[in-house]
Amino acid sequence: MSTKTYDYLFKLLLIGDSGVGKTCILFRFSENNFNTTFISTIGIDFKIRTIELDGKKIKLQIWDTAGQERFRTITTAYYTMGIMLVYDCTQEKSFENIKNWIRNIEENAATDVEKMLLGNKCELNDKRQVTKERGEQLAVEYGIKFLETSAKNSINVEEAFFTLARDIKIKMEKRLEANNPPKGHQLKANEPPRKPGLGWLSKCNFF
């Protein structure tokens, strides 16, 4: 039998309007590469990269969504644990549509999925239509984290994925602890016994 080379497997999604740079962000993170010749119909399913966080090896399976229908298919077929919402700092419309994408998440993804907002192409200041402050404000409105990124110049791409992965890991480990108390745990008076199993974790391939 082969030994697994990772401790946890996290499944992530990149969503947002066509042309905002989702594929470029994916390739910058997974292969440290940037290519301006990508087209929206490239048809990539996912990329994988294993990172290390707090002494644990975490395998990230990152899906690059090509559109709304595909997004629905992926979220219903896989238990998505983290979603990056991407807009283009030089395209006002892509920023306005983030609210529609969040609505799609609420309709199709798990309620406890971790979310993060990315304003991509931040290097194009002369073409900027969306200020950093507006991105920060929208993130606060939805209670999610925010970073401006540049896939071209490799700005904050690593930070974004590591931050999202760390938030997922923290939430997962808290739930593991809640469902698996120390053996010395004593039931209090009138406290019902804990049910076996990992609840929401039972359908996720972590180990």
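All of the numbers you see were taken from the coordinates with simple rules; none came from a lab. Just so you know, these numbers come straight off a predicted model, no measurement behind them. Here Cβ is always computed from backbone atoms with ideal geometry, including for glycine, and neighbour counts include all displayed protein chains.
With 29 Å as the limit on Cα-Cα distance, the pairs of 93/169; 99/121; 4/174 that go past it are 93/169. By the count of neighbouring beta-carbon atoms within 10 Å, fewest first, 7, 17 end up ordered 7, 17.
Couplings 3J(HN,Hα) of the range 14-29, computed from phi: 10, 10, x, 4, 5, x, 7, x, 4, 5, 5, 5, 4, 6, 5, 6 Hz, in residue order, whole Hz [Karplus 6.51 cos²θ - 1.76 cosθ + 1.60, θ = phi - 60°; x for Gly and Pro]. Treating cross-link reach as a plain straight distance, find the aspartates and glutamates whose alpha-carbon is under 12 Å from the alpha-carbon of residue 171, omitting any fewer than eight places away in the same chain. Cross-link targets: 112, 114. Per-residue Cβ neighbour counts within 10 Å put 103, 134, 128, 28 in the sequence 103, 134, 128, 28, beginning with the fewest. So who's got an amide H within less than 5 Å of the one on residue 50, skipping anything under 5 residues away but keeping other chains? H placed 1.01 Å off N, in plane. Here the answer is 60, since their amide H atoms fall under 5 Å of that of residue 50.
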